[in-house]
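First comes the structure, then the notes that go with it.
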Amino acid sequence: MVETVEEKEIKRVRRLITRADTKRTIAVKKIRSINSLARRAKDDPSLMDELHVAASTLDDLWKQFEAADNDVLDSMLEINAENEYSAELPAEVPSIINATTAIAMQGNFNNFKNAKGAPGEPKQVSDASFKPSSRLPEIPLPSFNGDFNYWPTFRDRFSALVGDRTDIPKIDKMQHLIGCLQGPAADAIRNITRVY
C-alpha cells in the first residue's frame with residue numbers, strides 16, 4: 001500500500017512532536033533534579049552553594065522547556081491533534097521552579113543572617129566571605145481568580161515564594177496575597193477589614 005502525501009506529512013509532524021517532547025522531557029528532568037537538590041539543601045546547608053549554581057540555570061531551562069512545549073503544541077495543531085496536548089506539565093513546571101527558587105533565596109537570606117550575627121552573638125562567618133550567589137530568574141507571584149481547580153497550585157507557589165518566608169512581616173504577606181487575587185477571589189475579600 002502506497003502512503004498518501006497527507007499520511008507522509010502526518011508522520012513527519014509526529015516525528016517533530018516526538019523530538020520536541022524529548023527536549024521538553026530533558027528540561028523537566030533537569031529542573032526536577034535541581035528541585036531535588038533544593039529539598040536536600042533545606043536539611044543540609046552545605047549544599048547551598050551547589051544549589052545556587054544549579055538554580056542559576058533555571059531561567060535557561062524554563063526557556064528550553066517553553067520553546068519545546070510550544071513546538072509540541074504547534075505541531076499538534078498542524079495535524080489537528082490538539083486534543084492530545086496536556087497542559088498539566090506546563091502548569092507544574094513553574095511551581096517546581098518557584099519552590100526551588102524560594103529555597104535558594106531562603107538559603108541566601110540565612111547565609112547573610114549568619115554572616116552578620118545577631119547583636120551580642122559571635123559571627124559565624126566574616127562579612128568579607130559572604131558573596132551573593134548568581135542572580136536567580138525573577139518569577140512573578142502567582143494569581144488566583146477563585147477557580148478551585150487552580151487552588152492547590154496557587155497555594156503551593158504562594159507559600160513557597162511568600163508564605164513560608166520568615167523575613168517578610170505578616171502584614172506584607174497579606175498585602176502580597178491581596179495583590180495576587182483577581183475576579184471572584186478579590187471580590188470575596190473586598191469587605192474584610194481585619195483578617196488577624
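The values are calculated or read from the model by the stated rules, or taken from the named source; none is laboratory data. Here the structure is a predicted model, which means the values were calculated and not measured. Heads up: the accessible areas ignore ligands, DNA and RNA and are worked out on the full protein's heavy atoms, side chains in. Shrake-Rupley method; radii C 1.70, N 1.55, O 1.52, S 1.80 Å.
Test of understanding: among ARG19, ARG24, ARG15, ARG40, which residue is basic (Lys, Arg) and open to solvent by less than 100 Å² (accessible area, probe 1.4 Å)?
One residue alone meets the criteria, ARG24.
Can you name the residue in region 114-168 that is open to solvent by 50 Å² or more (accessible area, probe 1.4 Å) and of a type in the set (A, V, I, L, M) and, of all such residues, is modelled with the highest pLDDT?
Ranking the candidates gives LEU141 first.
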